[in-house]
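Here is the structure we will look at, set down as structure tokens.
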Amino acid sequence: MKKAWLFLLAAAALGAGAWLLLGRADSSELLLASIPARPQGVALPPALVERIDNSEQDLRTHRSVSALADLARLYHSNGYFAEAQLCYNGLLELEPNKARWPHLLASILAGYGQLEEAIPLYRQAVKLAPDYLPARVRLGDVLLKANHDKEAYEAYEGVLKINGEHPYALLGLARVEMQRGEWDSARLHLEAAAAKSNYAIGGDLLVNAYEKTGRTTLARSLAAQQKASGAFYDIPDPWVDELFIDCYDPYRATIASGSAMRNGDMDTAIRLLEHVNKVAPRYALAYYHLGLIYTELKKIPHAIMAMEKSAELDPSFSDTWLRLVRLNAQSGDELAARMALEKGIKLCPHSPRLHAERAGRHAAAGRFREAEADYRKIITLRPDESFGYIEFAKFLFTQNRVEEAIAILNKGIEIEPEEPMILSIMAFHAITVGDETRARQLLQRMKAQPRSTADSIDALVLNFRKAFNKFP
Amino acid sequence: MIPRPGFKATVALALLAAFLLPFAASCRRPGKPKSSVTAKPAAVEYLSYMKGTHIGGPVTGEPWITHVRAVDLDKDGRMDVVAVEGKDSRILWLRQTAPGVFEEKTIAADMRAPVRAEPVDIDGDGDLDLVIASMGYIFPNNDKIGSIFILENDGRQNFKPHLIVENIMRVTDVQAADLNGDGKIDLAVAQFGYDQGEVQWFERTGPWTFTQRKLLDLSGAINICVADFDRNSTPDLVVLISQQWEEVYLFSNDGRGNFTKKLIYGSTNEDFGSSNLTVCDLNKDGRMDVLFSCGDGFGPVGVPGPRPWHGVQWLENRGANNFSFHRVGDLGGAYCPMPVDLDQDGAMDVVAVSNFNDWTNPKSASLMWYRNDGKMNFEPRILANTPTHLLMVDVADFDGSGKPQLVTGAFHGYPPYDRRSRLMFWKRNTP
């Protein structure tokens with residue numbers, strides 16, 4: 001009997017050993033199976049190829065999960081999502097308790113709109129990292145877009161239990177309420193989201209909410225302030241955002257920097273651009289954006305240096321020259337500003353903004369003939385934009401060439417109908433020359449436009465009353 | 001008391017354990033990771049498959065063709081082209097006078113930055129009129145400067161413009177259909193706006209008068225299409241919302257103009273870049289599906305360009321207003337996917353164009369064909385990489401050969417301007 005028990009123990013030990021060995025073998029097999037084939041039909045940057053080679057080598061030699069994580073990161077950050085997905089699928093199996101993997105994989109799937117696949121992954125991420133609020137907000141977002149309103153609402157409420165003023169969760173609640181037609185509560189949540197984000201999010205929908213709830217004056221006032229920019233400020237998501245420091249595609253990394261800048265995360269924005277400068281030292285756009293960030297941070301010498309480098313690398317990009325002119329002027333170096341302007345116009349002769357800059361400088365210095373030539377040049381270059389007409393008309397008014405100015409504005413309003421500034425100037429002129437009917441019509445048109453501010457309308461109404469002794 | 005097992009039983013148990021434990025381990029093994037759903041085959045060049053020829057007026061400056069539509073406008077049996085020039089605010093008719101020969105004529109001017117011209121016999125007099133969506137200003141602007149015109153055809157292709165509405169949020173698409181079953185043709189209207197936008201339907205109240213009925217308060221509506229998705233013989237609406245929302249809404253119609261809204265697709269990628277939507281029965285199952293693209297390349301940097309997720313996808317109508325998302329293929333800067341059986345093998349393919357591809361790379365595709373293998377797997381084939389900046393494509397049998405040909409329109413809104421076109425006619429080289 002004792003022999004039998006010994007035999008049983010030996011067999012059990014054998015089985016356990018085999019279990020452990022095969023388990024390791026399984027992990028190894030899984031690691032190797034998670035190495036994606038190289039992307040077809042694209043020339044990867046040599047530096048990226050080298051890093052992929054190193055990660056793959058590390059993975060094959062040491063069977064290291066961290067090497068697979070590196071590989072996932074490289075593919076994800078460089079926009080090779082199919083390859084990144086394969087890596088993440090492996091990582092999900094190998095490190096099932098790590099929230100980052102389902103979150104990152106979900107971000108790829110949700111980005112394509114594959115919401116039903118993203119939902120369980122975001123749920124998993126929230127379960128594993130309940131305090132990582134971007135995962136909770138993203139879960140709410142995918143549930144909302146997949147028509148699971150009730151669950152989306154609960155997800156956003158879950159965020160607000162942790163951070164009661166989270167603007168993206170407030171916006172999410174408002175969107176669910178808008179879907180349900182609950183405009184009063186949507187308005188309250190939008191007001192809170194807009195206030196908390198300094199109108200980066202929520203302000204555009206708030207105009208609708210004010211209209212829907214009968215608050216037309218507020219709607220009008222908010223629309224006229226133009227606080228919304230037409231662009232969405234995506235939620236900062238450190239797990240995703242930090243990937244771009246491994247991006248070897250300068251365009252994509254610069255886009256990521258632009259998003260970070262929009263979100264006010266200047267450190268990340270700068271870090272990403274400095275990374276671009278390392279991996280693509282001749283990429284002018286990155287220096288231009290670096291210049292913009294330093295301008296925003298009021299680090300003018302830094303901004304000038306970045307813009308000069310951008311201009312050196314791509315002298316045909318007129319925006320850089322315009323920035324250089326203004327930055328030099330701002331720093332008090334008028335000579336450098338003038339030189340940059342002349343050089344910019346020489347290299348970018350078709351830039352309306354540079355001609356406008358020079359026109360303004362000519363006019364300020366009393367060189368009216370030269371100014372007029374530049375203003376006319378703007379219209380020649382961009383006959384389809386109202387900008388040149390408005391600038392030229394303003395100049396003509398300063399020269400007391402009123403009829404010419406009005407004729408130019410009439411052309412401008414054909415190009416950009418109902419442009420509020422043109423309407424405003426023309427209304428003022430109509431009042432001045434005593435054309436009551438025309439003034440009234442123009443005022444009505446101004447009132448119909450969201451961009452017309454209450455102040456400008458009030459001022460014109462006051463002038464109208466003084467001129468005609470009646471309300472318009 | 002549990003009886004002790006005998007020797008033979010113990011040995012048998014031990015062997016079983018030794019056998020089962022490793023098996024249990026293998027059960028834990030997850031196997032090869034799941035296949036990647038976004039993986040798509042690399043595009044293959046088929047540059048000699050079709051030949052493109054410039055049609056209409058010369059290419060001068062930077063053309064802004066915002067829409068093309070293949071239609072036999074004069075009903076002479078030859079397919080013509082109606083095109084929209086957004087910069088010049090003109091509606092063009094390219095009459096096909098002989099196979100592949102087109103004569104261009106401006107049929108309406110001063111259309112206030114038009115972006116869409118849809119042919120429809122709106123007054124029921126037997127000829128085709130045109131419904132025009134006008135943005136007022138094509139680039140970003142939140143002013144209420146949108147308008148809708150109807151160009152009334154006198155039967156001899158002289159068009160009288162009727163201004164239906166003006167000073168509304170910028171209009172990007174108008175489609176005509178009897179939406180409330182009263183026998184009169186109404187309008188389905190997408191209004192992009194900018195910070196604020198909306199989707200509406202306009203109920204016909206008189207020959208040229210309509211009452212506006214709001215359906216949705218969101219900015220960024222690009223396209224609206226009419227089709228019977230739920231097979232209740234009433235026209236439903238589907239709308240593509242871009243801007244930061246990136247969503248597709250279905251409005252189910254009860255036949256009396258009462259619509260029930262349902263969100264049928266959304267991406268949480270605020271830079272998704274939704275660009276165009278059309279409807280078709282792509283898988284030929286008798287249900288209308290939705291085909292749409294993402295490729296708008298304006299973003300938070302100074303120069304527009306493609307994104308890795310840009311491409312074409314379709315929403316399979318699975319009945320009861322449920323839709324499943326499927327990727328057709330990748331295409332940086334993708335616009336205007338159109339269903340067509342290009343190789344006439346019986347399976348519906350897709351063609352699409354690109355406006356925001358990486359034009360610094362001469363191999364970047366501007367005209368793409370996604371060939372359907374008959375099982376809804378699409379193989380991407382590059383039909384052209386010159387000219388660049390294509391925005392619109394339409395498909396028709398222009399020469400009566402029974403084979404589909406294409407017409408494209410280009411919108412050169414940003415550099416480089418070295419490979420320009422305006423309107424082009426594309427015909428198969430191979431028989």
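General remarks:
- Counting only DSSP H runs of at least 4 residues, each contributing -39500 (n - 2.57), and dividing by the residue count of chain B, the helix-based mean residue ellipticity at 222 nm comes to -2000 deg cm²/dmol.
- About the centre of its Cα atoms, the range B:263-314 shows a dipole size close to 80 debye [charges on the beta carbon of Lys, Arg (+1) and Asp, Glu (-1) only; nearest 20 debye].
- For residue B:282, distant residues with modelled amide H under 5 Å away: B:289
- Rounded to the nearest 20 debye, the dipole size of chain A about its Cα centre is 620 debye, using +1 on the Cβ of Lys and Arg and -1 on the Cβ of Asp and Glu.
- Couplings 3J(HN,Hα) for the range A:367-373, derived from phi with the Karplus relation 6.51 cos²θ - 1.76 cosθ + 1.60 (θ = phi - 60°), are 8, 5, 4, 5, 4, 4, 4 Hz, where x marks Gly and Pro.
- Reachable lysines, given that their alpha-carbon falls under 17 Å from the alpha-carbon of residue A:447 and they are not under 8 places away in the same chain: B:144
- Partner chain coverage, peptide A:102-115 - average Cβ within 10 angstrom: 5
- Take A:156-165, A:324-333 and order them by the average number of nearby Cβ atoms within 10 Å per residue, most first; the result is A:324-333, A:156-165.
- Listed values for the range B:361-369 are Karplus-derived 3J(HN,Hα) couplings in whole Hz (6.51 cos²θ - 1.76 cosθ + 1.60, θ = phi - 60°), namely 9, x, 8, 4, 6, 10, 9, 10, 10, and x replaces Gly and Pro.
- Candidates B:304, B:404, B:58: whichever shows maximal mean-square fluctuation once chain B is modelled as a Gaussian network with Cα springs under 10 Å: B:58
- Peptides ranked, highest mean first, by Cβ atoms within 10 Å: ranges B:271-277, A:399-405: B:271-277, A:399-405
- Straight-distance crosslink candidates among lysines, where the alpha carbon sits under 20 Å from residue B:105 and sequence neighbours closer than 8 are dropped: B:75, B:87, B:160
- Karplus-derived 3J(HN,Hα), 6.51/-1.76/1.60, for each residue of the range A:451-464, Hz, glycine and proline x: 6, 6, 7, 4, 4, 5, 5, 4, 4, 5, 4, 4, 4, 4
- Lys, Arg +1 and Asp, Glu -1 on Cβ, resulting dipole of chain B about Cα centre, debye, nearest 20: 2200
- Inter-chain Cβ neighbour count for A:457-470, averaged per residue, equals 0 (cutoff 10 Å, partner chain atoms only).
- Considering only B:68, B:407, B:59, the Gaussian network model of chain B with Cα springs below 10 Å gives its largest mean-square fluctuation to B:59.
- Degrees separating the helix A:65-77 axis from the principal Cα axis of chain A, which is the longest one: 20
- Per-residue shielding of B:253-266, expressed as the average number of other chain Cβ atoms within 10 Å of the residue Cβ, stands at 2.
- Fraction of alpha-carbon pairs over 36 Å apart in chain B - percent: 28
- Note: relative contact order over the range A:193-282, using C-alpha pairs below 8 Å and six or more positions apart, is 20 percent.
- Helix B:7-28 vs. chain B, principal-axis angle (Cα, 0 to 90°, nearest 10): 20
- Value of Rg/Rh across the protein assembly as shown [Cα atoms, Kirkwood radius]: 1.02
- Carbon plus sulfur fraction of accessible area for the range B:303-431, probe 1.4 Å, in percent: 50
- Distances between placed amide hydrogens fall under 5 Å for residue B:323 paired with B:318, all partners being 5 or more residues away or on another chain.
- Rounded to the nearest 10 degrees, the angle from helix A:167-180 to the longest Cα principal axis of chain A is 80 degrees.
- Within straight-line reach of residue A:161, meaning a Cα separation under 26 Å, sit the following lysines at least 8 residues removed in sequence or on another chain: A:98, A:127, A:145, A:150, A:196.
- Per residue, the average separation of C-alpha pairs within less than 8 Å and at least 6 apart gives chain B a relative contact order of 13 percent.
- Burial order of peptide ranges B:370-376, A:247-253 (average beta-carbon count within 10 Å, highest first): A:247-253, B:370-376
- Highest-fluctuation residue, B:109, B:221, B:176 considered, GNM on chain B with Cα pairs under 10 Å: B:109
- Mean residue ellipticity, 222 nm, helices only, chain A: the sum of -39500 (n - 2.57) across DSSP H runs of n ≥ 4, divided by residue count and rounded to 500, is -24500 deg cm²/dmol.
- The relative contact order of chain A, computed from alpha carbon pairs under 8 Å that lie at least 6 residues apart in sequence, is 7 percent.
- Prolate/oblate/rounded label for the range B:272-431 (Cα gyration tensor, a/c 1.5): oblate
- Exposure rank, largest accessible area first [B:363, B:214, A:127, B:261; 1.4 Å]: A:127, B:363, B:214, B:261
The values are calculated or read from the model by the stated rules, or taken from the named source; none is laboratory data. Worth saying up front: this structure is predicted, and the values here are computed from it rather than measured. Quick reminder, even Gly has a Cβ in these numbers, built from the backbone with ideal geometry, and neighbours come from all protein chains shown. The area values use the complete protein model at the heavy-atom level, side chains included, leaving out ligands, DNA and RNA. Shrake-Rupley method; radii C 1.70, N 1.55, O 1.52, S 1.80 Å.
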